[in-house]
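The values are calculated or read from the model by the stated rules, or taken from the named source; none is laboratory data. On a predicted model such as this, the values are computed, not experimentally measured, just so you know. Neighbour counts run over all protein chains shown; Cβ positions are idealised from the backbone, glycine included. Heads up: the accessible areas ignore ligands, DNA and RNA and are worked out on the full protein's heavy atoms, side chains in. Shrake-Rupley method; radii C 1.70, N 1.55, O 1.52, S 1.80 Å.
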Amino acid sequence: MAASKGTVIDGAAGAAVALAAGAAGVDGETLAVGLSAGAGASRLEGGALTAGAHAPRATRVEVRAGLSALENRSTRRRMRTWALVSMLLASALAGTAPITGCGEETQAETDPEPEPEPEPEPQPEPAAPRLGLNDVSVLVPLPASKDAPGHLVATSQGAKGVLLPQDVYDAIPTFPVTPSQGLDYDRMRTVAIRFDGCFPKPTGCEAQIRLVMQPVANDASMKDSALHLFYRLEEAELVELVSELRRLRSLAPEVADAPLDVHAALVAQGLDGAYGAALKEVVLRFAGEQNLSRMTFFLRAPPVNEVWFFGGFEREGGELTMLDIAGLGQSNQQVIRTEVEGGWEYTVNPISSVPSDERVLLSNTRMDQATAEQRAGSFAKHLRVQSPLHFSPDDLSCAGCHVGTFVLEQARANYGLDPAAFPADVFTSTHDLTLQGKARATVSSLRAFGWFKAEPMIAERVVNESAAVVDDLESRFPAE
């Protein structure tokens, strides 16, 4: 290989050429001539091997000492071939060590290739979040105005049809309800959403989504009437739904494992934020006319004595039949509140649906007249009504669930009855069961999960059921 035109052999490479040439018997003059012939512009100048004008400065080297040593040897070998000179030159230009013999590898050839950087270890997927009370029971904030968007309404439609068909709504009987407090199809807004993996039925568990709708008032508060809509799910849908609930939880960093309350992510992000939009999509995917299986209603009729009407319908194959209420049969129920200064009094009609020992707590007058034993017995009965471990919803009449939160609080506050003293009756849980909202202190509200005007209402039974639902879902579909 000939040196490139205008190249200077310099530094260690030049010295290596000279020493190797000496070892091969090539004298300095011959080396210079050979280099000149092989390299074109290269030459010996003043005892140094130099190059043409285009050589980079950094490559200049002096080889005087090596060449003098060659010229003064007493015995010189004859130059074997011009090819050897060219090979020496090529070795120098390539920056390699002198050629040591045929078939031997140079240092450059024997240096191992650098090992590739090891692939980073795959990071494990973050654990799916555990569910909490606010993931299975969602209390939706009030709208900003009567016509503000964001809430699911009766005509909201998804994969399974509209949430509430007009003909189902029209089946609600007419009661003597003051129009301003009654139901209104066009004003219905979804104020609460509940997910349940095991609603007890005679045939076993039924997975459900349940919606609570209330009519919005002109001032964007809620009227004290409501519908409770039940949507039946298949088992395969429940598996998918639980996965979706965990995904929804990841979109709601504002929600800690906190007591059941107005949903913090909906408050912080708005109803059309990441969590709210995804929540509505999930509801409309799994709930609609096709799987609407039950509708119950709750209507308030003021003004002299406050009156609430309860009832409902089962829906199968599009056909409606009147709901069979425990202790009543296929009938409706009425609760009347008589105003009592400094106290309370509720009358349930038909009264036969409320066992006699429970009635003591329905009136402060009865509580005053009762013995300590009678008070304790009635208190224990109402504690059991609040526990999903003792009664399923279908085991109870409407009134028991809806009046329980208020009368239990009055018994605690005014008669010193402590739930902790009734371990066989009270519901306990590892979840925080602290009761939020104003249900304990609002005698005029029987709302279980929704709004009384502009105040959130959360019944004790709803909190306890939510805790039981979380435990059931985590047991059957644990977070991976």
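Data table
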quantity: Flag if Phe230 is aromatic (Phe, Trp, Tyr) and modelled with pLDDT of 95 or more; calculated: yes
quantity: Residue among Phe449, Phe427, Phe406 that alone is at pLDDT 95 or above, in contact with a Phe, Trp or Tyr (Cβ under 9 Å, 6 or more places away or on another chain), open to solvent by less than 40 Å² (accessible area, probe 1.4 Å) and not aliphatic (A, V, I, L, M); calculated: Phe406
quantity: Any hit, the range 219-230, residues being under 16 Å from the mean Cα position of the chain (by Cα) and either over 21 Å from Asp147 (Cβ atoms) or not hydroxyl-bearing (Ser, Thr, Tyr) (or both); calculated: no
quantity: Matching residues in the range 220-239 - criterion: being touching a strand residue (DSSP E or B) at 6+ places or on another chain (Cβ under 9 Å), more than 16 Å from Gln290 (Cβ to Cβ) and open to solvent by 10 Å² or more (accessible area, probe 1.4 Å); calculated: Ser221, Lys223, His228, Glu235
quantity: Top-ranked residue of the range 337-367 - restricted to ones that are assigned to a loop (DSSP other than H, G, I, E, B) and of a type in the set (Ser, Thr, Tyr), ranked as farthest from Asp395 (Cα to Cα); calculated: Thr338
quantity: Pairs with Cβ under 7 Å, 6+ apart, first in the range 238-251 and more than 13 Å from Asp472 (Cβ to Cβ), second in a helix (DSSP H, G or I) and not hydrophobic (A, V, I, L, M, F, W, C); calculated: Leu248/Asp135; Leu248/Tyr275; Arg249/Asp135; Leu251/Tyr275
quantity: Any hit, the range 200-208, residues being among the polar types (S, T, N, Q) and open to solvent by 50 Å² or more (accessible area, probe 1.4 Å); calculated: yes
quantity: Flag if Leu320 is closer than 30 Å to Val162 by Cα, of a type in the set (A, V, I, L, M, F, W, C) and outside any strand (DSSP E or B); calculated: no
quantity: Among the candidates Phe406, Phe422, residue that is of a type in the set (Phe, Trp, Tyr) and farther than 19 Å from Leu299 by Cα; calculated: Phe422
quantity: Residue match in the range 368-382 (condition: surrounded by 19 or more Cβ atoms within 10 Å (Cβ to Cβ), among the basic types (Lys, Arg) and either under 21 Å from Cys398 (Cα atoms) or within 44 Å of the chain's Cα centre (by Cα) (or both)); calculated: yes
